[in-house]
Amino acid sequence: MSITQVILEAVSDFVFEQYGEDAPLQALTLQKTRKEFSGDFTLVVFPFVKITKVSPEATAKLIGDALIERVDELQSYNVIKGFLNLSLHPNFWIDYLARNSGNARFGFRPKGEGAPVVVEYSSPNTNKPLHLGHVRNNLLGYSVAKILEASGRRVYKVNLVNDRGIHICKSMLAWIKYGKGRTPYTTGMKGDKLVGEYYVKFETELKIQVGELMLAGYTDEEIARKDAPLMKEAQELLRKWEDGDAQTLAIWCAMNGWVYEGFNQTYRKLGVEFDKTYYESETYLLGKELVMEGLKKGVFEKRSDNSVWVTLNNDPLDEKLLLRSDGTSVYITQDLGTAQLRFDDFYPGEMIYVVGNEQNYHFEVLQKVLQKLRKPYADAVYHLSYGMVELPEGKMKSREGTVVDADDLFEEMVDTARRTTEELGKVQDFSEEEKAQLYNILGMGALKYFILKVDPKKNMLFNPSESIDFNGNTGPFIQYTYARISSILRMAQSGKPLQAKVQLAPEKLNLLERNLLRTIFDFPGVVLDAANAHSPAQIANYAYDLCKEYNQFYHEHSVLNEPDPQISHFRVKLSEMVSTVVKNAMSLLGIDVPERM
RNA sequence: GGCCCUGUAGUUCAACGGAUAGAACGGAAGUUUCCUAAACUUUAAAUACAGGUUCGAUUCCUGUCGGGGCUACCA
């Protein structure tokens, strides 16, 4: 039982024994004592006043006295207004370090036996290269998966590639017409970039045709778009594809292959990975079957034109199309199929979809449709909805060319890391390979931290003209703290392994050391909270706080130059513990930490 | 129109309904014979507005105003 449980149990025992009432459950929580007051844990006593019938101060004193008597680890308490600040005996903290020192998995739970979680993220289209929006998605998905794993869940990371549909046919068509047989191998271009070019080419050529049609008498641009020869051809290509036309499929395969090679490069750079990749081309048919199932069950309806619809909330305005009149599937059709497939593959207790908040409605609909189908996994669907990444001038728009390309961004970050590091001149003895590795760790770390420290559900702003900072509340700040500790540990060992034993006379424990231990103590709980909230931001903020505190300690107190050998060794072990927590926290964000920088 | 999200220093982000709303960047002023100054210290600067619930509201509720998204036989 953890010390917080011990204390809270003592509180509730005391209240019950003394007043014959159960303490309000909501009141039985401890918070971290704020810096400006002395103490480790704080109990807010206002909710107890009703029971004790005395003032908040008197109530706090009553509970405080009772706790001192009942909990051995407690040394003292103080009362400020209705706040009861509890201080543990220094021995508790010294012992806490001793108990956890050397545990490389501190803060992580072992894998549990419960139902697994499936986390879908990334989910790219094969007609466009990845951009900053995808970067947020990938980082969030990967990190949430890691955090859930650390909280003891079994996790499967899956990707769902949108590899079919009219948009793919557009880039195929443009490549057939204008591509002159260009390939990534003949041009040296990254595959996703090459294919993306033809998607753009389709749009520009289409625009020309639409312009001609408008001149020829069309009044509605929408209709002109639909009637344009290129659009007709694209639709024809889609029909050929669905009919299994060999030549069409061959081109489709080849072009998607190029794209996957490109994506994989980007994924490698990002450091994300998947346990399984689904392709829409392989799941949309199952989706159609589910629609048929719904028709049989009578929860969907077929119209005279053969299209299939579902009515939600008994509201005729809330009708959604599930199958087009020509029998082809729409977005939600294949999502029904993949949900089923995923359930059959993993029997998950939770299916997390990392998808932007512009699709909130879509996922509401998906869940309701699954409920109508009475699928056992309907309630397991969880949409991890995240806000968009905005530029100073607003939303990224591919048409206006304001999209921030993922690969370009990575390159810029790594380049900034190189320049910054070279200016500081601390790693001149590094080999070229070590340097390249370091710049990558730092540049990508800065980017990942920048994105993950923001609450997922909030929109965030990215300003391309101001590069991401390397000072202050940033990834490199945290990496720097880690590198500094590593340096101390190297020197402390200097050949021989560190003495494992932690011991210290209680009166020698100073305030900053105590603060650090108090913060380290919180890490396992932060991991669980972050898992419940699906929020890497909580991990990021925690890591920053810890590093901030360590840097203060580092500035105030010397570790290796401390004359008292017991204190010096204690500080080495404390530093080692901090570095473990920092490394573990950053690993949950998918961020590497360097031994030197 | 309907539905959903969101509004905190100049800027980018924090704050299970709890104490004097925290950081960072930028601004101002400092710290290096001492384990890495990508650090540390000091300083000015914010809860859009109006009600309500509560011992206590940035947080919950209502309204107004501002920003974003969705409301396709696109994905």
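The sole residue among A:A492, A:A537 that is over 23 Å from the mean Cα position of the chain (by Cα) and either surrounded by fewer than 22 Cβ atoms within 10 Å (Cβ to Cβ) or within 15 Å of RNA strand B (Cβ to nearest atom) (or both) is A:A492.
Filtered by the rule that a residue be without any contact (Cβ under 8 Å) to a residue 60 or more places away in the chain and among the aromatic types (F, W, Y), the stretch A:53-102 gives A:Y77, A:F83.
Of A:I485, A:I478, A:I520, all but one fail to be more than 7 Å from RNA strand B (Cβ to nearest atom) and under 21 Å from A:L270 (Cβ atoms); the exception is A:I478. Here A:V299 fulfils each of the conditions (1) in the same structural domain as A:G188 (by TED's automatic domain parsing); (2) touching a residue at least 40 places away in the same chain (Cβ under 8 Å); (3) not aromatic (F, W, Y) apart from (1).
Being aliphatic (A, V, I, L, M), exposed (fewer than 14 other Cβ atoms within 10 Å of the Cβ) and within 38 Å of the chain's Cα centre (by Cα) narrows it down to one residue among A:A250, A:A246; which is it? On inspection, the qualifying residue turns out to be A:A250. Exactly one residue among A:E507, A:E513 is surrounded by 14 or more Cβ atoms within 10 Å (Cβ to Cβ), among the acidic types (D, E) and assigned to a helix (DSSP H, G or I), and that residue is A:E513. Looking at this structure, is A:T186 at negative phi, out of contact with any Cys (no Cβ under 8 Å at 6 or more places or on another chain), surrounded by fewer than 17 Cβ atoms within 10 Å (Cβ to Cβ) and not in a helix (DSSP H, G or I)? Answer is no for this residue.
Table: residues versus (1) out of contact with any Pro (no Cβ under 9 Å at 6 or more places or on another chain); (2) of a type in the set (S, T, Y).
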position: A:I7; (1), (2): yes, no
position: A:Y19; (1), (2): yes, yes
position: A:T29; (1), (2): yes, yes
position: A:F48; (1), (2): no, no
position: A:V54; (1), (2): yes, no
position: A:D72; (1), (2): yes, no
position: A:V79; (1), (2): no, no
position: A:L88; (1), (2): yes, no
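Criterion applied to A:A543, A:A531 was being surrounded by 18 or more Cβ atoms within 10 Å (Cβ to Cβ), more than 13 Å from RNA strand B (Cβ to nearest atom) and not in a loop (DSSP other than H, G, I, E, B), and the one residue passing it is A:A531. The set of residues from the stretch A:560-597 being near RNA strand B (Cβ under 7 Å from one of its atoms) and buried (at least 22 other Cβ atoms within 10 Å of the Cβ) comprises just one member, A:M597.
Here the stretch A:318-367 is the region considered, the condition is being within 11 Å of RNA strand B (Cβ to nearest atom) and among the basic types (K, R), and the residue that is farthest from A:E282 (Cα to Cα) is A:K320.
Can you say whether A:Y279 is within 30 Å of A:K190 (Cβ to Cβ), near RNA strand B (Cβ under 10 Å from one of its atoms), surrounded by 15 or more Cβ atoms within 10 Å (Cβ to Cβ) and under 31 Å from the mean Cα position of the chain (by Cα), as far as the supplied structure shows? Judged against the criteria, A:Y279 is not a match.
For (1) modelled with pLDDT of 95 or more; (2) within 29 Å of A:E513 (Cβ to Cβ); (3) more than 32 Å from the chain's Cα centre (by Cα); (4) polar (S, T, N, Q), each residue gets a yes or a no:
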residue: A:F48; (1), (2), (3), (4): no, no, yes, no
residue: A:K53; (1), (2), (3), (4): no, no, yes, no
residue: A:L88; (1), (2), (3), (4): yes, yes, yes, no
residue: A:Y96; (1), (2), (3), (4): yes, yes, no, no
residue: A:N100; (1), (2), (3), (4): yes, yes, no, yes
residue: A:G107; (1), (2), (3), (4): yes, yes, no, no
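Considering the stretch A:440-471, and only residues there that are of a type in the set (F, W, Y) and assigned to a loop (DSSP other than H, G, I, E, B), the residue that is farthest from A:L409 (Cα to Cα) turns out to be A:F470.
Where helices (runs of 4 or more DSSP H) fall wholly inside the stretch A:38-120, the ranges with 1 or more residues that are within 15 Å of RNA strand B (Cβ to nearest atom), crowded, with 16+ Cβ neighbours inside 10 Å and basic (K, R) are A:56-70. The residues in the stretch A:321-350 that are basic (K, R) and either surrounded by 18 or more Cβ atoms within 10 Å (Cβ to Cβ) or at pLDDT 95 or above (or both) can be counted, and the count is 1. Step by step: first the residues of the stretch A:205-243, then only those that are surrounded by 13 or more Cβ atoms within 10 Å (Cβ to Cβ) and among the polar types (S, T, N, Q), then the one that is farthest from the chain's Cα centre (by Cα). Which residue is that? That would be A:Q209.
If only residues of the stretch A:369-387 that are assigned to a loop (DSSP other than H, G, I, E, B) and surrounded by fewer than 17 Cβ atoms within 10 Å (Cβ to Cβ) are counted, the one that is nearest to RNA strand B (Cβ to nearest atom) is A:G387. Looking across the stretch A:404-439 at every residue that is in a loop (DSSP other than H, G, I, E, B) and either more than 30 Å from A:G394 (Cα to Cα) or free of Cβ contacts under 8 Å to residues at least 24 places away in the same chain (or both), the one that is farthest from RNA strand B (Cβ to nearest atom) is identified as A:S431. Evaluation of A:E319 against the conditions (1) closer than 27 Å to A:N125 by Cα; (2) touching a Pro at 6+ places or on another chain (Cβ under 8 Å) shows that the sole unmet condition is (2).
The values are calculated or read from the model by the stated rules, or taken from the named source; none is laboratory data. All values reported here derive from a predicted model rather than from experimental measurement. When we count neighbours, we look across all protein chains shown, and the Cβ atoms used for this are built from the backbone with ideal geometry, even at glycine.
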